[in-house]
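One structure is given below, encoded as C-alpha cells.
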Amino acid sequence: MSPISAPDGSSSPARPANSPAGGSAGRPDGGPPRPRPEAEPTKPGEPGRTHPPNPTTLATEPDASKPHPSGPDATEPHPTGPDASKPDPTRPDARKPDPTEPDPIGPGVAEPAIRDLAAQFEDEKPGRMLSGPAGLLLTTAALAIGALALWQVFRPLSQGSKYYLIIFLAGVLPLVFLAYPADLRLPARLRRRRAGSADNSDRPIQAPASTGPTVTDWVLVALAVAACLYPVLPIRIGSGGGGYNAFLDRQGLLATTDLVLGTVLLLLLLEACRRTTGWILPAVCLVFLGYGYYGGLLPQTWPVAHAGLDFRQLVDAFYNSDSGFYGTPLDVAASYIVLFTIYGAVLELSGAGRFFVELSAAAFRRSRTAAGRTAVASGFLLGTVSGSGAATTVSIGAVTWPLLRRAGYPPERAGGMLAAAGVGAILSPPTLGAAAFIIAEYLGVSYLQVLGWATVPTVLYYLGILLAVEIDARRSGVRPVVIDVGSPWRLLARFGYHFASLIAIIVFLAVGVSATRAVVFAIVLAVALSFLDRAHRLTPGRLVTALVTGVRGVLAVTAVCAAAGIITATTTKTGLGPQAAALLIGGAQAATSDPTLVLVLTALLAAVALTLLGLAVPVTASFVIGWVIVGPALLDLGVTAPAAAMFVFYFAVLSEVSPPTALAAVAAAAVTGGRLVPTMWQTLRYALPAYLTPIAFVITPAGLGLLGIGGVQRMAFAAVVTALSVAVLAVAAGGWLPGVGPAGAPERVLGAVAGVTLLWLEPVPVTVGVVLAVVAAAGVFVRRGAAGRSSSGSPANPVEEQL
C-alpha cells in the first residue's frame, strides 16, 4: 500500500528512485492471483521496503454463528469467464458475493504494483525501472537535490532565490529523462486500458514493462544540464555566458547563445511535460506560444489582439525573467513541494498510512455502514498527508474494496465512492495540493491562512460523501461486514504518535514559523517517533530512501511548474488576462444588466470554463491558467482575492472527478473492475455538492464565512446553512431520506431546488430554501404513509435477513 503521495496531485513519492516498476500479483503464467498468498518479500533494488503485509486482512468472513443463505441461490453455480466475479444486475442475488471467494486485491498484491497503478491514472505517467549506472546516478543526484532543498531552508544561497531555482531545475530536469521513457505510444495504450477497464477485476495489477535509458535519453540529459546551468557558468561562450550577473544584465537584450540555449530549454521542458503528463499540457503551452508570436496578426479590433512579440522577446520572457521558467510555480515546487514529498515519504516508511486505514476501520467496525464509512474516513486521513487524488484512490481502494464487495456494493458504486473520497486528499489540510502553495505565493499570505480557508469546505465535502454513503446503505440494502480489528483507542494509544508531526506543522505555522521550516521540523519529529515501532524505524539507510523517494515524487510537478512559466509569461507580456476577463464579463452582461446576476452568470461561466480546462491539463497547470484568465474577471466584479483564488482552486481540483476524463474514477474502476462510464457518474453523484459549494464563495459576501473570513457569526451562519444545503442535495441525488424512506421524483426535484437556493447566503433565499426543503421532506413522509407500514424504512434485503 502506498497511501502517501506528492502534494501536487501528480505522483506517488513512496516509490524509491530506482525501484522496480512493480510485479504481478498473480501467477507467472498470467493466470488469476492465488487466494491470499503471503506478503511479497523485499525485492532487489527496493531498499527500505520492509512494510508488513497490506492491511486488507481487515475484511473477514461473515459471522459463522449466523446461517448461510440457503435456497436456490445456495446451489446455483458461479458463472465462469472474465466476468465471473462481477455481480449481474439482472440476477436477484446480484449483491451476494461469495464470502469464500478470494479478494481481487489482497495482501498478495505487490506494493510497487499498487504504486504503479496509481501513477498510471495520475497526472503523472509511470516511470521506468533503473538499475546499474543509471540507477546509481539517479539515486545520487536525487539525494543531492534533497539535501540542497533542506539546506536552502536554513542557509539560503547568497545569490538569491532565482539562482537556487536554476540549480534545482538543473538537477531535476535531467532526471526526468532518465526516470520517464519517451513512450510515444501512450495515447493508444491509454485508450486500450480504458476500454478494457471493465474486464480487469480478475486480472492482477501489473506494471508496464520498463527498460533503461536510451541513447536519445542520455543526449537529452546532457542538453538539459547544459541549458539549465548555462546562466550560472562563469565561462564566456561567444557573445553570451560570463556568469549569473552577466546573464541577468542581458535581460531584454539576449545574445545569440542565450537565444539558442533558451530555445533548447523550452523544447526540453515541453518534452519533459509530455513524458510525465501526456500530450495535452505541451499542446496548451504551444497554443500560448503561438498566440504570443502570431497575436499581432489578429485584427486589432478583436479584444484578444496585441502588438505582437518576436521569438527573441518570447525566449527572453521565458528564460531571463521572473515570470517565465523560473517564476512562482517553479519556486513553489523547489521550495515547498519537494519538502512535503519528502515528508510524505518519511510518513509512508514510518507506517503512518497503514495506521490511518486501520484506525478508520476500527472506528466504524460495529456500524451497519462500516465498509463505506471506512473508505471515506481512510480517504480523509490519508488526505491529511497526501495531496494526490488518484494515488489516494488506489491506496484506499486496494484495502477497502474487499470490504465494500462483501457488503454488497456493485463495483461501479464502490468505485464512485472511492474516487470521491480519494480526491478529497487534494482538499484536506494540512497537506493540500501544489496549487495551494501557489495561492499563498500569488496572494502574499501565509500557508496557514490558505489552510484556514480550506478547512470548512473540506468538512462540507466529506459530509456530502458520508451522507451519500448512509443513503446508499439504506436505499440499496447493503449488509454489515465483520471487520476484525482491535479497539480504536488501543490503536491510538499505540500508534497515535503518527498524528504528532501533522499537529506540529499546524502549531509551528500558528506561532509564525515559515511553512518550509515547519515541514522540516515535522520531518525530524516523524523520524524520531518512527523508532517507537521496531518494524518501521527510519534507520540511516531507510532515511536516505525516503529522501530520494521524495525527490523522485517531485520530478513531474517540477516539469509542469516550469512549463507553466510559458503560460504566465505569455499572459503577462500580451495582457491576455484582462482581455479574457473582459470577454467573460461581457458574455454575462449580454444576458443581463443586473450587477448581481452578472456576477452569478460570470461565476457559472467561469466554473464551466475551469471544469473543461481541468479535463485536459493537471491540477497545478489548470489552476495557473485559470488564475491568469478567470481570476481577473472575478476580481473586476468585486470578488475578494481569497474567494476568487479558492474558487479557481476547487474547480481545478474537481476536474479529477469530472467526466469524461475523471482520472480518479478511472483509477477506481481499475481497482474494482467496474464499468468506466457508470463509475464516473457515480463519482459525480458523490461529489455533487462540491461543485456547488465554491459558487457560494463568490456570489454573496456571507459566502466568505465558509473561508473563515468575517467573524464568528458569519462563519457559523454560512457553515450551518451550507451544511443544510449539502444534506438536502445529498437526499435529492440519492433519492432517500434517512429515517423516513424513499423520495419520489417531485420531492427530489424540490429538494434540488432547495439545496441550490440555500447556497445564496442571504436571509430571503435561505428562508425560501428552508421552506422548500421542509415541503420536500413532508412529501416523503406523505409518500411513506401512503405506501403503508410494510414499505417503511429501508428496502427488504433477503441477504441481510438471512444473516
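Averaging Cα coordinates gives a centre for segment 660-705 and one for segment 289-308; these two points are 36 Å apart. Counting only protein heavy atoms and a probe of 1.4 Å, the accessible surface of segment 653-718 is 73% carbon and sulfur.
Relative contact order of segment 424-543, taken over Cα pairs closer than 8 Å and 6 or more residues apart, is 21 percent. From the alpha carbon centroid of segment 239-254 to that of segment 528-575 is 30 Å.
The values are calculated or read from the model by the stated rules, or taken from the named source; none is laboratory data. Computed from a predicted model, the values in this text were never measured in an experiment. Heads up: the accessible areas ignore ligands, DNA and RNA and are worked out on the full protein's heavy atoms, side chains in. Shrake-Rupley method; radii C 1.70, N 1.55, O 1.52, S 1.80 Å.
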